[in-house]
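Before any comments, here is the structure.
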Amino acid sequence: MSQAFYPARHLACALIVLLLTSTTRVAAHEGPPYPIVSNHREGPYVVSVWTDPDTTDDGTAGGQFWVMVQQADGSGVPAGTRAAVTVRPLEREGPALDAEAEPVDGDPGRQFAAVVLDHEGWFSVTARVDGPLGSVTVAADVEATYDTRPAPILLIVYLVPFVLVGLMWLRLVRRRRQMAASAGH
Amino acid sequence: MDLLRWPVVGPFLRWRHARTSLQLVLLAAAVVIVLHGLVGPDLASTNLATVLTWVHYRGLLVVALLAAGNLFCLGCPLVRVRDWGRQLHMPRRAWPARLRGKWIGVALFAAVLLTYELFDLWALPAATAWLVLGYFAAAVVVDLTFRGASFCQYVCPVGQFNFVASTVSPLELRMRDANTCRTCRTADCVSGRKAPAGDTALRPRVVQRGCELGLFMPAKVGNLDCTFCLDCVQACPHDNIALASRVPGAELADDRRRSGIGRLVDRVDLAALVVVFSFGALLNAFLMVAPAQALQGWMEHDWGLSRASVLALLFGAGLVVLPFGLLGAAAFSTRALTGDGAPPGLVVRRFVMSLVPLATGVWAAHYGFHLLTGLLVVVPITQNAVLDLTGAPWLGWPFWRWTGLRPGSVFPLQAGLVLLGAFGSVAVVQATAERDYGARMWRAAAPWLMLTTLLAMTALWILFQPMQMRGMGP
């Protein structure tokens, strides 16, 4: 008996190979930020610092910081209030990295800065707030980690179960259709 | 496999208060969402309204659809509130005949996707709370005006999403034994179980309602329009309804006439719903990534358009122009390759259902990403809410570092879901072509297999782009 030819199955396999070989660019998603300073009252301000500290090797500024500032009474800070972030490695020698934060959507109460964290490990983070109400500094430590996707070869391994289930699905749907046809549906 | 005969699960699902208990859990969640959204912090990533609604609810809904079935319609709190309302006022009117169909649901589904983008709902706790309140109000008004489950069947955009996605769910409610249904003279599964004779006068009182969406069990095919409410299970006097396993997606190639629906190929509105569901999945994910942000910025600055105009253009292109062009091209190609004289619209309606598995994979990859990367944030936010409310850390100081999986580690799962969805779509294309074209099946299927490949590659390209963590970050 000759072996049946299933073009759909061959096409699906070709699709997988095509997809896996065409995806040469691997860019990490930005991770979910979390606060390292939460509603800290300092001088006339209440300051929070949120971070998404991704280590990168390609010079991408993966160490992201949001400095959230409001007045102690809960009202917004005046225009002209600026924030800056300084990051310094704690576990090895290295230069301090400074970044001026920029208001998000023009809101001085929510400012964003990004620096390059070139290795995994702990960093000290200092956020400075300067403005008409005064200047304050808050500090915290943060651990940076890589957030990379698996290498292509590993990705193929991860996708094998999906491919197997997919092939089984193809077979089941077709068999189901043939059973229905033979039952006169 | 019949879950209603499983130990523990079966007795629970057959318990007449099972649905109510699930509804009360989700109602409590809705109350928390509304209260925290209105009085809690403005920062989206610290508010339960935004996090529970846009991260957990959406993600868990898709997980439930893929793992079991339409569980969130089963536990829908809107129906609980509606039922309480109906104890005070029972509607008498039937839903207008000319409005029967999915067009309102399709329009609202697209409107929800557009509104979400236009007003940045993921970043607005109070607006999210008002949206939830508005949803409850709409459901109550519609269902206290019209009989049955009019809101679920014709209006609810989440319900329409669930109906379409549940076609690839592994479970469905169906009759156990066709002969039992053949000899049944009461049709309680759809009309409801009446009080014993003599209990009332001329018109027997219904003591257990039947299917409010008019799905008559012997003619029910698949999960479309099924809310998994289990009313039919409760109403059937013969215990002849199973919650059974099945081949996911096989119903998409089933052209039998369905109770309450008719034949799929005759329903233009259902085809439109599938188009919005499928291309909306890609559009919704695309608008999350950096190239989409750049495109929007370019259109705003270089074309001088407002953000609303830009989004209107993108939605028009993504949900109308692009589908029209791609589906039309595939239909004409099928006609040319097979010599089929069927109108192009009919060819589209035959094959459009095949988009559902891939689209469901895209929705699962997108919402699953947010769910898995933000799964644990609900813990510190709840701790913080208790701290704000009571002034004391009754649940401990917030564990702010509890977030979820690293996004990079979620990527293989996302790619796998899209790939699996593509397999499902290929399977449905193949079954549909075999059904309608016989020996010419591969000629008929070729354009649709190419379309599936194109859409799958587009979905994977989107996943490979840097994604904005909206709703999660400050």
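Quick notes
- B:Ala308 part of a helix (DSSP H, G or I), at pLDDT 95 or above and open to solvent by 20 Å² or more (accessible area, probe 1.4 Å): no
- Any hit, region A:152-164, residues being part of a strand (DSSP E or B) and either away from chain B (no Cβ under 11 Å) or among the small types (Gly, Ala, Ser) (or both): no
- Here the condition is being free of Cβ contacts under 8 Å to residues at least 12 places away in the same chain, open to solvent by 10 Å² or more (accessible area, probe 1.4 Å) and of a type in the set (Val, Ile, Thr); of B:Val81, B:Val31, B:Val112, it holds for B:Val31 alone.
- From the list B:Ala294, B:Ala308, B:Ala312, B:Ala271, the one residue that fits, being closer than 30 Å to B:Leu346 by Cβ and out of contact with any strand residue (DSSP E or B) (no Cβ under 7 Å at 6 or more places or on another chain), is B:Ala271.
- Only one of the numbered conditions (1) within 14 Å of chain A (Cβ to nearest Cβ); (2) buried (at least 18 other Cβ atoms within 10 Å of the Cβ); (3) not in a loop (DSSP other than H, G, I, E, B) is violated by B:Ala244, and that is (2).
- Scanning region A:165-185 for residues that are small (Gly, Ala, Ser) and more than 9 Å from chain B (Cβ to nearest Cβ) turns up A:Ser182, A:Ala183, A:Gly184.
- Pairs with Cβ under 9 Å, 6+ apart, first in region B:324-337 and touching a residue at least 12 places away in the same chain (Cβ under 8 Å), second acidic (Asp, Glu): B:Thr334/B:Asp340
The rows are residues; the columns are (1) crowded, with 24+ Cβ neighbours inside 10 Å; (2) in a helix (DSSP H, G or I); (3) touching a helix residue (DSSP H, G or I) at 6+ places or on another chain (Cβ under 9 Å); (4) at pLDDT 95 or above.
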position	(1), (2), (3), (4)
B:Leu60	no, yes, yes, yes
B:Leu66	no, yes, yes, yes
B:Cys73	yes, yes, yes, yes
B:Val132	no, yes, yes, yes
B:Val140	no, yes, yes, yes
B:Gly148	no, no, no, no
B:Phe151	yes, yes, yes, yes
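- Every listed requirement among (1) assigned to a helix (DSSP H, G or I); (2) not assigned by TED's automatic domain parsing to the domain that holds B:Ala219 is met by B:Thr180 save one, (2).
- When we screen B:Ala253, B:Ala219, B:Ala271 for residues that are farther than 25 Å from B:Val9 by Cα and either free of Cβ contacts under 8 Å to residues at least 12 places away in the same chain or over 22 Å from the mean Cα position of the chain (by Cα) (or both), the only hit is B:Ala219.
- Elements of type strands (runs of 3 or more DSSP E) in region A:85-146, at least 2 residues being open to solvent by 50 Å² or more (accessible area, probe 1.4 Å) and modelled with pLDDT under 90: A:134-146
- Scanning region B:6-19 for residues that are assigned to a helix (DSSP H, G or I) and without any contact (Cβ under 8 Å) to a residue 40 or more places away in the chain yields B:Val9, B:Gly10, B:Pro11, B:Phe12.
- Members of region B:91-109 that are buried (at least 20 other Cβ atoms within 10 Å of the Cβ), in contact with a Phe, Trp or Tyr (Cβ under 8 Å, 6 or more places away or on another chain) and part of a helix (DSSP H, G or I): B:Gly105, B:Phe109
- Evaluation of B:Arg350 against (1) open to solvent by 20 Å² or more (accessible area, probe 1.4 Å); (2) in contact (Cβ under 8 Å) with a residue 60 or more places away in the chain; (3) at the interface with another protein chain (Cβ under 10 Å from one of its Cβ atoms) (one fails), failing number: (3)
- For region A:65-74, filtering for residues that are on the phi < 0 side of the Ramachandran plot, modelled with pLDDT under 90 and open to solvent by less than 70 Å² (accessible area, probe 1.4 Å) leaves 1.
- If the condition is being out of contact with any strand residue (DSSP E or B) (no Cβ under 9 Å at 6 or more places or on another chain) and modelled with pLDDT under 95, then region B:154-186 contributes B:Asp177, B:Ala178, B:Asn179, B:Thr180, B:Arg182, B:Thr183, B:Cys184, B:Arg185.
- Flag for A:Val165 being of a type in the set (A, V, I, L, M), farther than 18 Å from A:Leu97 by Cβ and in the same structural domain as A:Pro44 (by TED's automatic domain parsing): no
- Residues of region B:368-419 classified as in a loop (DSSP other than H, G, I, E, B) and of a type in the set (D, E, K, R), total: 2
- Criterion (surrounded by fewer than 20 Cβ atoms within 10 Å (Cβ to Cβ) and farther than 27 Å from A:Val173 by Cβ) met by exactly one of B:Arg257, B:Arg209: B:Arg209
- Meets criteria (at pLDDT below 95 and either open to solvent by less than 50 Å² (accessible area, probe 1.4 Å) or assigned by TED's automatic domain parsing to the domain that holds B:Leu48 (or both)) for B:Val418: no
- Complete set of residues in region B:363-375 that are within 16 Å of the chain's Cα centre (by Cα) and open to solvent by less than 10 Å² (accessible area, probe 1.4 Å): B:Trp363, B:Ala364, B:Ala365, B:His366
- Remark: pairs (first residue in region A:51-65, not assigned by TED's automatic domain parsing to the domain that holds A:Arg88; second residue open to solvent by 30 Å² or more (accessible area, probe 1.4 Å); Cβ separation under 7 Å; 6+ apart in sequence or on different chains) are absent.
- One residue stands out among those in region B:377-401 that are more than 8 Å from chain A (Cβ to nearest Cβ) and of a type in the set (Phe, Trp, Tyr): the one that is farthest from A:Pro53 (Cα to Cα), which is B:Trp394.
- Residues located in region B:115-130, provided they are surrounded by fewer than 19 Cβ atoms within 10 Å (Cβ to Cβ) and either closer than 30 Å to B:Arg93 by Cα or among the polar types (S, T, N, Q) (or both): B:Thr115, B:Trp130
- Answer residue from region A:31-62, given it is assigned to a strand (DSSP E or B) and open to solvent by 50 Å² or more (accessible area, probe 1.4 Å) and is farthest from the other protein chains (Cβ to nearest Cβ) among those: A:Glu42
- Residue match in region B:143-154 (condition: in contact (Cβ under 8 Å) with a residue 60 or more places away in the chain, over 26 Å from B:Leu65 (Cα atoms) and over 26 Å from the mean Cα position of the chain (by Cα)): no
The values are calculated or read from the model by the stated rules, or taken from the named source; none is laboratory data. The structure presented is a predicted model; accordingly, all values stated were derived computationally and were not measured. Using ideal geometry, Cβ is built from the backbone for each residue, glycine included, and neighbour counts are taken over all protein chains shown. Side chains are part of the model used for accessible areas, which takes the heavy atoms of the whole protein and leaves out ligands, DNA and RNA. Shrake-Rupley method; radii C 1.70, N 1.55, O 1.52, S 1.80 Å.
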